[in-house]
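The values are calculated or read from the model by the stated rules, or taken from the named source; none is laboratory data. These numbers were taken from a predicted model, which means no experiment stands behind them. Backbone-built Cβ (ideal geometry, glycine too); neighbour counts: all protein chains shown. Remember, those area values only see protein heavy atoms, side chains included, never the ligands or the DNA or RNA. Shrake-Rupley method; radii C 1.70, N 1.55, O 1.52, S 1.80 Å.
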Amino acid sequence: MHHLLTLEDLDRATITRLLDRAERYRADGAPRDLLAGRTVLTLFFEPSTRTRTSFVLAAKRLGADNVNFDLSRSSTSKGESLLDTLHTLEAMGLDALVVRHNENGMPAYLAQHARSDVAVINAGDGTHAHPTQGLLDALTIRQRRTDFEDLRIVICGDIRHSRVAHSDVQALRTLGSRDIRLCAPRAMLPESLQAFPGCATTEDFDGALAGADVVIMLRIQKERMADAQLPDAADYHAHYGLDTRRLALAKPDCQVLHPGPINRGIEISPAVADGPQSRILDQVANGVVTRMAVLAELLATPA
Ligand code: NCD
């Protein structure tokens, strides 16, 4: 593994190795100096709370230097091209570039043009992929259930515009899941199932929840939609909001995940988000160790 751009090409053994490493870091801590002398640059062209902060913490907890690139003060705002910015930063001695961008494929484009000793990590590109989120969601589920092949998993919300849904499905299928139901109003279901092989789609959330072991809720990606496409919030909550009545349709131990940021009262009620089945804050904690595992895998030179 040289870059991490999508989970598409990772096999089960590689995903398992990354999750095992993340789990080990969570249980026992990590070697503080594993990445001493290495430099990780975080370059975010879209807003982020969890992803950026957890990459910064992950780099620091392994002893790497972190530079958080401040786009509002950088020369990209003076019109410097992204490739000029990349080569400028490389010249300062860069080992990994963590990039989030609103255009699909931008991390892959940077990876193509980066120096061969620079690893590029996709921290979310447009509607395409969010590989570390896919990994940390799989880790969160695996902490309670290791029998992926037996799980009924529901992913509900704006699947069409969700890079998280793409990466979650890739991780979960590679780990053996076969019963994945994508649930949304028609306008938010994927136009094609090409990126979701083997998944079923439905507009009926109550029906999808029956017997579910895991439900992953997603935010409506307003920034990727025209205003006319936006549903009415109350109407959306009535049909697709996860509240305690609906959650009772799932298995009693059904885990509730959400990548955040959550919109309380729209896709999820506060009682569920803060309730005993919620794994949302576990996902946040797992985000740090998962990103540590990815950085270690890409940057640590074998002893
Ligand atoms: C997600 C993202 O940015 O794709 N958030 C995250 O990384 N935790 C999902 C979202 O923005 O809804």
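Taking the Cα-to-Cβ direction at GLU149 and at THR14 and moving 7 Å from each Cα, how far apart do the two end points lie in nm?
About 2.3 nm separates the two model spin labels.
Mind checking which helices in the chain clear 27 Å along their axis (Cα) and have mean Kyte-Doolittle hydropathy of -1.0 or more, DSSP H runs only?
Span-like helices, by this rule, are 280-299.
Taking amide H positions as placed in the peptide plane 1.01 Å from N, state which residues far from ILE268 in sequence (5 or more) or on other chains have amide H under 5 Å from it.
Here the answer is LEU242, ASN263, since their amide H atoms fall under 5 Å of that of ILE268.
Percent relative contact order of the chain, based on C-alpha pairs within less than 8 angstrom and at least six residues apart?
Once normalised by length, the contact order is 21 percent.
Over the chain, average the accessible area per residue using a 1.4 Å probe and give it in Å², no decimals.
Ligands and nucleic acids excluded, the result is 43 Å² per residue.
Taking the Cα centre of region 145-278 as origin, work out the dipole magnitude from +1 charges on Lys and Arg Cβ and -1 charges on Asp and Glu Cβ, in debye rounded to 20.
In total the dipole reaches around 200 debye.
Students often check this: by mean Cβ neighbours within 10 Å, which of 171-182, 2-13 ranks highest, and how do the rest follow?
Put in order of decreasing packing, that is 171-182, 2-13.
Using unit Cβ charges (K, R positive; D, E negative) and no other charged atoms, how large, in debye to the nearest 20, is the dipole of region 51-185 about its Cα centre?
440
Treating the beta-carbon of each Lys and Arg as +1 and of each Asp and Glu as -1, no other charges, what is the dipole magnitude of the chain about its Cα centre, to the nearest 20 debye?
580
Using a 7 Å offset from the Cα along the Cα-to-Cβ direction at both GLN112 and ASP65, what is the distance between the two label points in nm, to one decimal?
Between GLN112 and ASP65, the label points sit 3.1 nm apart.
Using amide H atoms built 1.01 Å from N in the peptide plane, name the residues 5+ places from ARG152, or on other chains, whose amide H lies under 5 Å from its own.
Those qualifying (amide H under 5 Å, at least 5 residues apart or on another chain) are ASP213, VAL214.
Which of VAL256, LEU209, ALA226 sits farthest toward the positive end of the charge dipole of region 145-278, with +1 on the Cβ of Lys and Arg and -1 on the Cβ of Asp and Glu?
Value: ALA226.
Out of the GluC sites (Glu not before Pro) in region 40-107, which ones are loop residues according to DSSP with at most 15 other C-beta atoms within 10 Å?
Passing sites in region 40-107 are GLU80, GLU103.
Can you send over the carbon and sulfur percentage of the accessible area for region 1-65, probe radius 1.4 Å, protein chains only?
47
Which order do peptides 191-197, 146-152 fall in by mean Cβ count within 10 Å, highest first?
146-152, 191-197
Amide H to amide H, which residues 5 or more places from THR201 or on other chains are under 5 Å from it, using H placed in the peptide plane?
Those lying under 5 Å, H to H, from THR201 are LEU182.
Run through the DSSP bridge list for the chain and note the antiparallel percent, rounded to the nearest 5.
Counting only bridges with both partners in the chain, antiparallel ones make up about 5 percent.
Show that you can apply the helix-only estimate: for the chain, add -39,500 (n - 2.57) for every DSSP H stretch of four or more residues, divide by all residues, and state [θ] at 222 nm to the nearest 500.
-11000 deg cm²/dmol
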